[in-house]
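The values are calculated or read from the model by the stated rules, or taken from the named source; none is laboratory data. Every value quoted in this text rests on a predicted model; they were computed, and no experiment measured them. Note that we place each Cβ from the backbone using ideal geometry, even for glycine, and neighbour counts take in every protein chain shown. We work out accessible area using only protein heavy atoms, side chains counted, and drop any ligands, DNA or RNA first. Shrake-Rupley method; radii C 1.70, N 1.55, O 1.52, S 1.80 Å.
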Amino acid sequence: MTGEIDDALKRADQENFTREPPKTLQGRINYLIRQLSTAKAVAAEIGVTPDSVNRYRRGARKNPPKDIAARIEEAVKTRWQPGVRRRRRRQAATTGIKISTRARFGYTAPIGTTDDGRLRRLTLSLPAPYAQRLFQAQEQGLSDQHKRAIVAEGFKEVYFQDNGARAAGLSEVRLTDIDYLDIEY
């Protein structure tokens, strides 16, 4: 099961296409066959028989069931322009990422201040080190909780502490109850 941050990173990856992937079923199947070399490999990828793949390729079968159509679309999108995605990620790892969210932020603060979490809607640019750490966490398959901690730490530095200008006693920020989260780079 993927979390909100993984889903947001996948959406951001797909927004970086320079050309749209094939739209027709036949075009998608032909693309997958070019990528995977055989109808048998494509069939194993999308969970159908090789004969079904060949029928889709020839146009003899035009309307696959919804779950198979979704698997075909996902298989195409994961292989479509991987170089563009890698280049955009490298660039984001040096320039930073923009995160928009509506979530509950709580924090640990000195005595005498309130540390009750509250719902906030924030859109911030996180510096490059946080983008690098977030991408590394995704590549290593770390938990969504770990990725939330990275994002929360970035929000702590940029929003709550204003890059060291205020709230010096703030020690920890927690990100919970995510309503939505969107990442751009």
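A few points about this structure:
- Candidate residues Arg166, Arg19: accessible-area rank, largest first, probe 1.4 Å: Arg19, Arg166
- Interchain or long-range residues, amide H under 5 Å from Glu172's placed H: Thr108
- Accessible-area ranking of Asp6, Asp182, largest first, probe 1.4 Å: Asp182, Asp6
- Rg/Rh for the chain, where both radii come from Cα atoms and Rh is the Kirkwood radius: 1.12
- Fraction of accessible area attributable to carbon and sulfur, the chain (%, probe 1.4 Å): 47
- Across the options Ile183, Pro64, Gln132, the greatest Cα extent toward the positive end of the charge dipole of the chain (unit charges at beta carbon of Lys, Arg, Asp, Glu) belongs to Pro64.
- Among the trypsin sites (Lys or Arg not before Pro) in the range 38-74, those placed in a DSSP loop whose Cβ has at most 10 other Cβ atoms within 10 Å are Lys62.
- Asp179/Thr24 FRET efficiency (R0 41 Å; Cβ-Cβ; nearest 0.05): 0.70
- Computed over the chain: relative contact order in percent, which uses C-alpha pairs under 8 Å that are six or more apart: 27
- The value of relative contact order for the range 13-102, using C-alpha pairs under 8 Å at least six residues apart, is 35 percent.
- On Cα atoms only, tilt of 4-14 relative to the major axis of the chain in degrees: 50
- Per residue accessible area in Å² of the chain, where ligands, DNA and RNA are left out and the probe is 1.4 Å: 57
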